[in-house]
1. Between Asn53 and Ala101, what length in nm is gained on full extension when 0.36 nm per residue of separation is reduced by their alpha carbon distance?
2. Take the Cα gyration tensor of the range 52-121, multiply each eigenvalue by 5, square-root it, and list the three semi-axes largest first, rounded to whole angstrom.
3. Between Cys128 and Thr108, 0.36 nm times their residue separation minus their Cα-Cα distance comes to what?
4. For a label point 7 angstrom out from the Cα of Phe77 toward its Cβ, which stretches of the range 92-128 have the backbone nitrogen within less than 20 Å?
Amino acid sequence: MFRSVTGVVAAVVAAGLLVGCSTGDVSAGGATAPETTEMNTQHAAAPVSSAANAIMPNVVCMNLQEAQNEIQRAGVFYSRSNDATGRGRHQIRDRNWVVVAQTPSPGTPIGEGDAVLSVVKIGEPSLC
């Protein structure tokens, strides 16, 4: 049984290696000549982002994790945060921080990375 499993694994690995091989012509020097492929790009559609229709929710006074979840539900998966005190602290445990300001304002269309959340640690002075 061990030999048959080993043989199957070897065959799968060999097949996987062959997938990456070029099918170009081999010249006299043994090097593979690259293939040329013509591509019709006239009708290629631009990629559609789900964030194109995302609207910035109001996340002020939410903990940072809840705010990020809300922004993701809107369709944007990359948001940024910064320490509102100006001390440059990193937000390691998102649930320990509360959003005290946001950019852009609620109702604004947003894309990936557009949402910037200013935060302080829970328990620190804020308007929340």
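1. 15.0 nm
2. Square roots of five times the eigenvalues give 20, 11, 10 Å.
3. Additional length available on full extension: 5.0 nm.
4. Those under the cut-off are 94, 110-117.
Bear in mind that the values in this text are calculations on the coordinates, not laboratory data. What you see is a predicted model; the values in this text were computed from it and never measured. In this analysis, Cβ positions are derived from the backbone assuming ideal geometry, glycine residues included, and neighbour counts consider all displayed protein chains.
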